[in-house]
1. Select from the stretch 195-209 the residues that are in a helix (DSSP H, G or I) and surrounded by 15 or more Cβ atoms within 10 Å (Cβ to Cβ) and list them in ascending order.
2. Could you pull out the residue among Arg174, Arg182, Arg233 that is surrounded by fewer than 16 Cβ atoms within 10 Å (Cβ to Cβ), assigned to a helix (DSSP H, G or I) and touching a residue at least 60 places away in the same chain (Cβ under 8 Å)?
3. Does Glu46 satisfy the criteria of being exposed (fewer than 15 other Cβ atoms within 10 Å of the Cβ) and modelled with pLDDT of 90 or more?
4. For Asp96, only one of the following conditions fails: (1) in contact with a Ser or Thr (Cβ under 8 Å, 6 or more places away or on another chain); (2) surrounded by 13 or more Cβ atoms within 10 Å (Cβ to Cβ). What is its number?
5. Which residue is farthest from Lys162 (Cα to Cα), if the candidates are limited to the stretch 130-151 and must be in a helix (DSSP H, G or I) and charged (D, E, K, R)?
6. Read through the list (1) assigned by TED's automatic domain parsing to the domain that holds Pro39; (2) exposed (fewer than 14 other Cβ atoms within 10 Å of the Cβ); (3) not hydrophobic (A, V, I, L, M, F, W, C), then give the number of the only condition that Arg56 fails.
7. Checking the conditions here, which among Thr222, Thr192 is polar (S, T, N, Q), in a helix (DSSP H, G or I) and touching a helix residue (DSSP H, G or I) at 6+ places or on another chain (Cβ under 7 Å)?
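The values are calculated or read from the model by the stated rules, or taken from the named source; none is laboratory data. What you are looking at is a predicted structure, and each value in this text was computed from that prediction instead of being measured. All Cβ positions, even for glycine, are placed from backbone atoms using ideal geometry, and neighbour counts span all protein chains on display.
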Amino acid sequence: MFTTSPFRPVSRQSLSESVYLQLKDRIVRRELTAGAALPSERELSEALGVNRGAVREAIKRLQQSQLVAVRQGGNHVVLDYLDEAGLELLPSLLLDKRGRVNNTAVRSIMAMRSALAPDIAAAAAEHGGARLAEELQALLKQMRAAGSDIGALQNHCFEFWKALVAASDNIAFRLAFNSMQRTYRQVWGLLTRVMEAEFRDLAGLGRIARAVAAGDVEAARTAGRRHVEIGRRALERTLEASGNEGG
């Protein structure tokens with residue numbers, strides 16, 4: 001029997017968006033389990049205090065996100081997002097329902113970053129050319145001028161990698177970067193000090209820039225791997241110190 005108590009009345013502003021986000025969060029947190037039927041439009045509209053049109057639009061978005069599917073008889077069934085969803089779901093996994101960082105998700109994202117970054121740097125060295133080399137040198141100049149301003153260094157470092165990704169000539173890299181960017185933005189301030197050593201690694205970024213200028217694919221790959229490893233190790237130490245998975 002479907003009960004209304006777990007749901008919260010939603011704001012009248014952007015009703016379908018509010019419904020979508022609430023249902024998505026419940027699916028991601030396994031409160032609506034894979035294989036279970038989604039409550040009917042009528043039940044959801046009553047529980048959430050919105051019109052059925054808003055619910056219908058939200059369900060369409062859940063279908064597009066591969067979180068629910070239409071089954072025989074027109075019923076909507078919750079899908080297992082681990083089997084069906086894509087990278088666009090990453091931001092929803094980063095924080096738990098109390099707003100705490102999900103350490104498992106963070107480790108997974110950092111592992112993907114560490115795996116992709118060397119190949120992104122290598123692809124940029126292969127395809128970037130003189131124009132990219134000039135852009136990277138300009139960013140390094142700005143970083144040197146920033147001095148001890150860690151916030152500015154963080155921004156510039158992000159722009160450095162954004163330039164590498166854009167020059168990689170790889171659509172998959174760009175889409176993965178976009179997903180990681182949206183996820184990273186949720187905890188941007190938290191990571192400023194945690195990953196400070198990586199943001200200050202101008203020598204490592206300089207090695208990537210020189211490899212790009214020389215078109216040296218393997219040197220860029222090696223330099224990219226060494227640079228992001230600094231941040232991965234720093235973040236891992238912080239997660240271990242927290243002593244609380246998901247805390």
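1. Within the stretch 195-209, the first condition is being in a helix (DSSP H, G or I), and the residues that meet it are 196-199, 202-209.
Listed by number, the residues that qualify are Glu196, Glu198, Phe199, Leu202, Gly204, Leu205, Gly206, Arg207, Ile208, Ala209.
2. Working: Arg174 fails: touching a residue at least 60 places away in the same chain (Cβ under 8 Å); Arg233 fails: touching a residue at least 60 places away in the same chain (Cβ under 8 Å).
So the residue among Arg174, Arg182, Arg233 that is surrounded by fewer than 16 Cβ atoms within 10 Å (Cβ to Cβ), assigned to a helix (DSSP H, G or I) and touching a residue at least 60 places away in the same chain (Cβ under 8 Å) is Arg182.
3. Numbers: exposed (fewer than 15 other Cβ atoms within 10 Å of the Cβ): no; modelled with pLDDT of 90 or more: yes.
Taking the combined requirement at face value, the residue does not satisfy it.
4. Only one criterion is unmet by Asp96, namely (1).
5. Within the stretch 130-151, the first condition is being in a helix (DSSP H, G or I), and the residues that meet it are 130-146, 150-151.
Now restrict to residues that are charged (D, E, K, R): 131, 134-135, 141, 144.
Details: Arg131: 14, Glu134: 14, Glu135: 11, Lys141: 16, Arg144: 18 Å.
The residue in question is Arg144.
6. Exception for Arg56: condition (2).
7. Working: Thr222 fails: touching a helix residue (DSSP H, G or I) at 6+ places or on another chain (Cβ under 7 Å).
Being polar (S, T, N, Q), in a helix (DSSP H, G or I) and touching a helix residue (DSSP H, G or I) at 6+ places or on another chain (Cβ under 7 Å) holds for just one of Thr222, Thr192, which is Thr192.
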